[in-house]
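Visitor: Sharing a structure, written as structure tokens. Questions coming.
Taken together, the values in this text are just the output of simple stated rules run on the coordinates, not laboratory data. Everything numeric here is computed off the predicted structure, so don't read it as measured data. Cβ atoms come from the backbone with ideal geometry, glycine included; neighbour counts cover every protein chain shown.
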Amino acid sequence: MAKTMTEPKQNGHEQTYQDGGAIRSPWKMAWRKLRRHKLAMIGMWVLIVLHLFAIFADFFAPYSELTTDRRRTNHSPTRVHIISPEGKLTRPFIYGYKRVDTVRNIYEEDHTQVYPIRFFVRGDKYSFFGIESDLRLFGVDAPAKIYLVGADRYGRDIFSRLAYGGRRSLFIGIIGLAISMSIGLVYGGTSGYFGGWVDNLMMRIAEVIISIPGFYLLLALSAVLPPGLGSTERFLMITVILAFINWAGLARVIRGMVLSISQQDFVTASEAVGCSQPRIIIRHILPNTMSYVIVNATLAIPGFILSEAGLSLIGVGIQHPDASWGNMLSEALNLTSLTRYPWLLVPGFVIFITVLSYSFFGDGIRDALDPRART
Amino acid sequence: MFRYIVRRFLYIIPMLLGISSLSFFIMQLAPGDALTTMVLSPDISDEVLNAMRARFWLDQPPHMQYIRWIQRMMTGDMGHSFLWHAPVTWVIKQRVFNSLLLTVASMILSWIIAIPIGIHSAVNQYSWSDKLLTFIAFIGVAIPNWFFGLLLLYFTVSRGWGFPVGGMTSIDFADFTFWEKVVDLIRHMFLPTIVLTTGTVASLMRYMRSNLLDVLRQDYVTTARAKGLSNRVVVYKHAVRNAINPLITIFGYQLGGLLGGAALTEIVMNWPGIGSLMLSAVQGKDYYLVMGNLVIGAIMLIFGNLIADILLAVSDPRIRYE
């Protein structure tokens, strides 16, 4: 394992001078390697920005998730101007819009109304971890509205809903992964350590779940959710379902690793000094699978995000009016809406960017922690 | 080898028992039983209800129901779909062909495209074409199939590319001559096949590239070059053959995913396959249809893996199964 190695100093005295000849911990070494991986760093920063955007959705979004506007259905993206009609550079402003076609929802700028974009404005009220506030990053004066990437068919701001939806779409991956990883670790660890018929039985059970096509199982499980669930419960249930589908595959790989680790001398040694079996598994064997777990965790999160998006897209995941990146796209399944209001596809691009960033970041982490696993 | 295959076949039996009981258990979790929705539906006569009740012992405790369901499955009777007013086996059979048409076509296409690209990329490692291809492949892997499908739909409609969007045949399909029918079908298949193919090409090409790069670093390749063989012979006769071998596992997984793998794409692209059938079954709480789909999908997956293992053993003499 990479953890136990101490790397000989590469560029001699300069390093020694800096950290006083101290042996760098394996984590520090991995971090240094990761920092050199350009794409991984880009991915990491994109992910940090996206997650902050979602966590502080209340602040970054100009409107609340549920604010509808019947006079602005399917509003096209508002154009932000920085050149005033006189041709001078000014603070960013927008024009008011008027609907010129009520059937096809075509809006045009009305150059008689000018609304500067204001920062740190009072907008829709929200409560964030018990803090009641209405402070929002930007906004425009009523009656105008700013739709950075357009509005959906209820006149809800897609930009705001991207922020709020990110709370569900992004965190379903992390929470779901945490659940399935813990089950996978304990299950795989136990199975691999004990071996014999216990191992056999446990793996056969896991294989039953692996053998059912994942998406079908997802669909079937989401079908049994009672219709009256509140939005938080529904979110949690979907997360649990996703975790349920994924733990078995992780358990199988971890079992394989544990099986080979438990042959090693240090395990025999801890058995000899009388460590209990749970202690050996948890304290000695599982930490050795850590680099694999971290690498796979980053590479597995996109799978969760995509599953949630897929489920919500076809209407069996997160339900309207709650936003999720998947269910925001479901309007685009209607061909007429899709061609008239192409900005409905924006959530798809956000999902794509998220997945791409996770795989760049995951690749970097893999190279840093476990160079042999490179494909 | 023979003993291994026999054992693997025997081992499928408990797996299927497990899978079917899991599907059955999921169905039990749902509020009401398989007939609840049917009782409410005015389309279903009492005779059908009573016949179903008798056939599947629905007035018995769950474990007896399960045994009965399994017994019925053995005889090929998967129950009645009330959405379709037809036996589940009949409904599934209708859709299996549609799904396979799409998935098999895209599987063949993707192998034909991906292998040469992968070879080219590996042989010309770090050339601009390799960099471009790897970059495209990276994006191809990261872009979700259904989103790519939506994008294609958007461009097809707004740019007037003239491919039919959704469905499998034109309205006047029945009046067409045989060749017109074939052309019509291919036109309808075009977009969903492209969507499915791009995703697979991207990942297959990456595998092929890295496998071939590994092989080209081996000693025997150096030996072959050293004894004066042309680059062509070294690459195509010696290296490629060994690099393709590990891909057989992927071939097996693809076989297993032929029915279940394209579900979302089918739904988004409006293709009447198993995936969209499953969605309507789930939405309509058509329980026997849901269970039937789960079991059929699982059987495909198990056999796909089995075939992959056997092919691997046949093609690679280094692999021995006990």
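Visitor: Can you compute 3J(HN,Hα) from phi for each residue in the range A:177-182, using the Karplus curve 6.51 cos²θ - 1.76 cosθ + 1.60 with θ = phi - 60°, rounded to whole Hz and x for Gly and Pro?
Guide: Ordered by residue, 3J(HN,Hα) equals 5, 4, 5, 5, 5, 5 Hz.
Visitor: With θ set to phi - 60° and the Karplus curve 6.51 cos²θ - 1.76 cosθ + 1.60, what are the ³J(HN,Hα) couplings of the range A:241-254 in order, to the nearest whole Hz, using x for Gly and Pro?
Guide: Each residue's phi maps through the Karplus curve to give 4, 4, 5, 4, 6, 9, 5, 5, x, 5, 4, 5, 5, 5 Hz.
Visitor: Right, here's the next one. Can you pull the semi-axes for the range A:214-285, root of five times each eigenvalue of the Cα gyration tensor, sorted largest first, whole Å?
Guide: 40, 14, 7
Visitor: Return the Rg/Rh ratio of the range A:67-156 with Cα-based radii and a Kirkwood Rh.
Guide: We get a ratio of 1.02 for the range A:67-156.
Visitor: Remind me, what semi-axes does the range B:263-318 give for its equivalent ellipsoid, largest first in whole Å, using sqrt of 5 times each Cα gyration tensor eigenvalue?
Guide: Here the semi-axes work out to 32, 14, 5 Å.
Visitor: Further, regarding this structure: Give me the compactness ratio for the range A:164-369, meaning the Cα radius of gyration over 2.2 N^0.38 Å.
Guide: Numbers: Rg = 19.9 Å, N = 206, 2.2 N^0.38 = 16.7 Å.
The range A:164-369 yields a ratio of 1.20.
Visitor: Further question: Which order results if A:239, A:232 are arranged by neighbouring Cβ count within 10 Å, fewest first?
Guide: Neighbour counts put them in this order, fewest first: A:232, A:239.
Visitor: In Å, the Kirkwood hydrodynamic radius of chain A over pairs of distinct alpha carbons?
Guide: Computed over Cα pairs of chain A, the Kirkwood hydrodynamic radius comes out at 24.0 Å.
Visitor: Using alpha-carbon pairs under 8 Å, 6+ residues apart, how would you state the relative contact order of the range A:67-156 in percent?
Guide: So the answer I get is 38 percent.
Visitor: Peptides A:141-149, B:213-221: what's the order by average Cβ count within 10 Å, highest mean first?
Guide: Details: A:141-149: 17.0, B:213-221: 14.7.
Top of the packing list down: A:141-149, B:213-221.
Visitor: Loop-only chymotrypsin sites (Phe, Trp or Tyr not before Pro) in the range B:277-322, please: DSSP not H, G, I, E or B, and at most 13 other Cβ atoms within 10 Å.
Guide: B:321
Visitor: If you don't mind, there's one more thing I want to ask. Obtain the nm distance between the two label points defined at residue B:213 and residue A:52 by a simple spin-label model: each point lies 7 Å from its Cα along the Cα-to-C-beta direction.
Guide: Using points 7 Å along Cα→Cβ, the separation is 3.4 nm.
Visitor: Show me the chymotrypsin sites (Phe, Trp or Tyr not before Pro) within the range A:104-134 that DSSP assigns to loop and that have at most 13 other Cβ atoms within 10 Å of their Cβ.
Guide: Hits after loop and neighbour filter: A:129.
Visitor: Something else about it: Here are some pairs, B:93/B:181; A:125/A:145; A:38/B:131; which of them have Cα atoms lying more than 19 Å apart in this structure?
Guide: The pairs that break the limit, which is 19 Å between Cα atoms, are B:93/B:181.
Visitor: With a ≥ b ≥ c taken as the square roots of the eigenvalues of the C-alpha gyration tensor of chain B, please select rounded if a/c is under 1.5 and otherwise prolate if a/b is larger than b/c or oblate if it is not?
Guide: It is oblate, given that a/c is not under 1.5 and a/b is not larger than b/c.
Visitor: Right, another one. What value, in deg cm²/dmol to 500, does the helix sum -39500 (n - 2.57) over DSSP H runs of n ≥ 4 give at 222 nm once divided by the residues of chain A?
Guide: Per the formula, -18000 deg cm²/dmol.
Visitor: Could you work out the local net charge near residue A:169, counting Lys and Arg as +1, Asp and Glu as -1, over the other residues with Cβ closer than 12 Å to its Cβ? Walk me through the numbers on the way to the answer.
Guide: Details: positive: A:161, A:167, A:168; negative: A:308, A:322.
Spelling it out: positives minus negatives among the neighbours equals +1.
Visitor: Using the 10 angstrom Cβ neighbour count as an exposure proxy, how do B:19, A:131, B:310 rank, fewest first?
Guide: Ranked by crowding around the Cβ, least crowded first: A:131, B:310, B:19.
Visitor: On to the next question. In whole Å, what three semi-axes, largest first, describe the equivalent ellipsoid of the range B:181-322 built from its Cα gyration tensor (square root of 5 times each eigenvalue)?
Guide: 40, 20, 11
Visitor: Let me ask you something else. Rounded if a/c is under 1.5, else prolate if a/b is larger than b/c, else oblate: which is the range B:54-135, with a ≥ b ≥ c the root eigenvalues of its Cα gyration tensor?
Guide: prolate
Visitor: For the protein assembly as shown, compute the orientation-averaged projected area of the C-alpha convex hull (one quarter of its surface), in nm².
Guide: Its Cα hull, projected and averaged over all orientations, spans 42.2 nm².
Visitor: How do B:224-235, A:250-261 rank on mean C-beta neighbours within 10 Å, highest first?
Guide: Answer by packing, highest mean first, reads A:250-261, B:224-235.
Visitor: With a cut-off of at most 16 other beta carbons within 10 Å, and DSSP calling the residue loop, which trypsin sites (Lys or Arg not before Pro) in the range A:147-235 qualify? Please list them. Provide the component values of the computation, followed by the final result.
Guide: Working: sites: A:153, A:156, A:161, A:167, A:168, A:204, A:234; in loops: A:153, A:156.
Within the range A:147-235, the qualifying trypsin sites (Lys or Arg not before Pro) (loop, at most 16 other Cβ atoms within 10 Å) are A:153.
Visitor: Additional query: Report the net charge of residues surrounding residue B:17, where surrounding means a beta-carbon distance below 14 angstrom and charges are Lys +1, Arg +1, Asp -1, Glu -1.
Guide: My count for the surroundings of residue B:17 gives 0.
Visitor: So what are the ³J(HN,Hα) numbers for the range B:45-54, from phi and the Karplus equation (6.51, -1.76, 1.60; θ = phi - 60°), rounded to whole Hz, Gly and Pro as x?
Guide: For the range B:45-54, the Karplus-derived couplings read 7, 5, 4, 4, 4, 5, 4, 4, 4, 5 Hz, x marking Gly and Pro.
Visitor: Rounded, prolate or oblate, given the Cα gyration tensor of the range B:38-99, with a/c below 1.5 counting as rounded?
Guide: oblate
Visitor: Now a separate question. Please list, ordered by chain and number, the residues whose modelled amide H lies under 5 Å from the amide H of residue A:110; skip anything fewer than 5 residues away on the same chain.
Guide: Correct list: A:96, A:97, A:98.
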